[in-house]
Each structure stands twice: as C-alpha cells, then as structure tokens.
Amino acid sequence: MTLFEKITARQIPAKIVYETDDIIAFRDINPQAPTHVLVCPKLPLPKLSDAGAEHAEILGKCLLAVAEVARREGLVDYRVAINNGAGAGQSVFHLHLHLLGGRSLGWPPG
Ligand code: 5GP
C-alpha cells in the first residue's frame, strides 16, 4: 500500500479537504505555501509517465478536482505541479498534483 492509499484508508491521519469515489485531496504535511494541497487519484499510479490512454479520464478528473479545491480555498492565482521521478523531486510514488497558492509564486521556480 502506498502512503497515499493509507491516508485514503484512514490508516494515517491527514487533513482531507476533498474526496470523491476516485480522488482524494489533503493538506501537505510540509506546506510550501499558505495553501498546499495534494490531489491524488485513489488508483495508485506511481508516476505521470506511467499513465496511458486508459488513464485519460482520471487525469482529467484530477485537474478538475484541483480547480474545485482552489475555488473552495478562495484561490484565484495558484500553481499546479507534478514531480515526475526522483530526479524531479518526487518522493512519494503515487501520482499526485501539488496545488500551491496564497503567496506570490515566481516563474521560473527557483
Ligand atoms: P513529491 O515530493 O512526491 O512530489 O511530494 C510528496 C509530498 O508529500 C511532499 O510535499 C511531502 O511533504 C508530502 N508528504 C509526505 N508524507 C506525508 C504525509 O504523511 N502526510 C501528508 N499529508 N503529506 C505528506
């Protein structure tokens, strides 16, 4: 079981802010912005690069869930990030989208 499956199963506590049959979103334990939420498909796909055409619907749902959580958080400007692979900063190998907002976000990121 991945860490995020354990959060979904309530085996590990987390501040869950949104949940549907196939998506869960909860606050990051080490927030990098005033709002930092992780949006995950419950399907434990390790990385974005593991996704295929059969995942198009769940990937679309993840993006729409990010937008919904952002609305609920009162965010207008925000960043959505996916770290794909250890070399890109991925540390939990269960696909998730970072929603970051509530502070100025420069581009390109440092
Ligand atoms: P990644 O580095 O894989 O893109 O992002 C993983 C994120 O999961 C990190 O931002 C990290 O702070 C967060 N995280 C790691 N362990 C836990 C945990 O037990 N609970 C919560 N809520 N977030 C976690």
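Net charge in the neighbourhood of residue 16 (other residues with Cβ under 13 Å of its Cβ; Lys, Arg +1, Asp, Glu -1) is +4.
The label point for residue 49 and the one for residue 81, both projected 7 Å from the Cα toward the Cβ, are 1.8 nm apart.
When you count the other C-beta atoms within 10 angstrom of each residue and take the mean per peptide, 31-43, 51-63, 72-84 line up highest first as 31-43, 72-84, 51-63.
Using 0.36 nm per residue and subtracting the Cα-Cα separation, the extra length available between residue 103 and residue 59 on full extension is 13.2 nm.
Short-range pairs are left out: with C-alpha atoms under 8 Å and at least six residues apart, the relative contact order of the range 3-101 is 32 percent.
Note on the chain: along the principal axes its Cα atoms extend 35, 28, 25 Å, ordered by decreasing extent.
Values quoted throughout were computed directly from the atomic coordinates according to the rules given, and no laboratory measurement underlies them. Note that this is a predicted model, so its numbers are computed, not measured. In this analysis, Cβ positions are derived from the backbone assuming ideal geometry, glycine residues included, and neighbour counts consider all displayed protein chains.
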